[in-house]
Amino acid sequence: MAKHPIETHHFASFDGTKLAWHEMGAGRPIVLIHGYFSDANTNWIRYGHADAIAAKGYRVIMPDLRAHGDSDKPHGSAAYPPDALAQDGHALIAHLGLTDYDLGGYSLGARTTGRMLATGATPGRVVFSGMGLEGIIHAERRQDHFRHILTNLGKHERGSPAWLAEAFLKTTGGDPVALLGILDTFVSTPRGAVAAFEWPAVVVNGREDDDNGSAAALADLLPHGRLVEVPGNHMSSVTKPELGQAIAEFLAG
């Protein structure tokens, strides 16, 4: 159970889609974006990461991406244009009137953070977690993997990566049709653009996590990036307190 009270709010994004965000703590704002198939509660609240960050004097703002969590889950393709998630992030920042804030995300949330930076976001500090360089510069590299999972539910070999992903999907109550739409929103960020990200940045990644490529390569390419490794793989590192502690220490540093 979270130590800090949590508030949940909703707003209409750039195209009218109703999106939810959750908040805890007070102080400097940090917008944290969750991963694919997940939601703000699973990624940031359940395992104490948001609490650890709030304890450092932060207002932790955690949206549920469209098609996830408490946000709308539209089925029409019109709701999933390229870069829709980055546009949602910009819309939330505008809705809240944030001008001095930090920004970060896990997995798809980290890729979305990159897209927001490439399309005009102006945070003070940046967090990339559960993400490697290939996952940002080649956003399409896992589309087929996820499309296979979502179009063959109930048919995956027990214990396989696809089966584990489906099991996780069940725990979050994901909508497979809406989540398929999310795949159409993926946009790559060119290597040169990433190399021009001048913000202080941390790459926090599980030691056994190479799902989105090399976290070390991402940290090396970022002009002011550094790598912090935490225990676990892409799925398990989210459950480890070290992940939230690493982010909190970077932000407070």
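We did not get these values from a lab; they are worked out from the coordinates using the rules stated. None of these values were measured; they are calculated from a predicted model. Heads up, the Cβs are rebuilt from the backbone with ideal geometry, glycines too, and the neighbour counts pull from every protein chain shown.
When shorter helices are ignored and each DSSP H run of at least 4 residues is given -39500 (n - 2.57), the per-residue value for the chain at 222 nm works out to -9500 deg cm²/dmol.
Average projection, convex hull of the Cα set of the stretch 203-247: 2.8 square nanometres.
When all alpha carbon pairs of the stretch 46-136 are counted in 5 Å bins from zero, the resulting P(r) reads 3, 12, 21, 25, 21, 13, 4, 1, 0 %. Lys-Lys pairs in the chain that are eight or more residues apart or on separate chains and whose Cα atoms lie under 19 Å of each other come to 6.
Seen from a random direction on average, the alpha-carbon convex hull of the stretch 122-189 projects onto 5.9 square nanometres. Could you work out the relative contact order of the stretch 1-154, using alpha carbon pairs under 8 angstrom and six or more residues apart, expressed as a whole percent? Once divided by the residue count of the stretch 1-154, the mean separation gives 23 percent.
A Förster radius of 25 Å combined with the Cβ-Cβ distance from His224 to Ala55 puts the calculated FRET efficiency at roughly 0.50. How high is the relative contact order of the stretch 97-179, in percent, counting Cα pairs under 8 Å that sit 6 or more residues apart? Once divided by the residue count of the stretch 97-179, the mean separation gives 23 percent. Electrostatic tally near Ser71: other residues with Cβ closer than 13 Å to its Cβ, Lys and Arg +1, Asp and Glu -1, net -4. Summarised as an ellipsoid, the stretch 48-94 has semi-axes of 27, 12, 7 Å, derived from the eigenvalues of the Cα gyration tensor scaled by 5 and square-rooted, with the largest first. In this label model, Phe11 and Asp144 are separated by 3.9 nm, measuring between points 7 Å along each Cα→Cβ vector. Orientation-averaged projection of the chain equals 11.8 nm² [convex hull of Cα atoms, one quarter of hull surface area].
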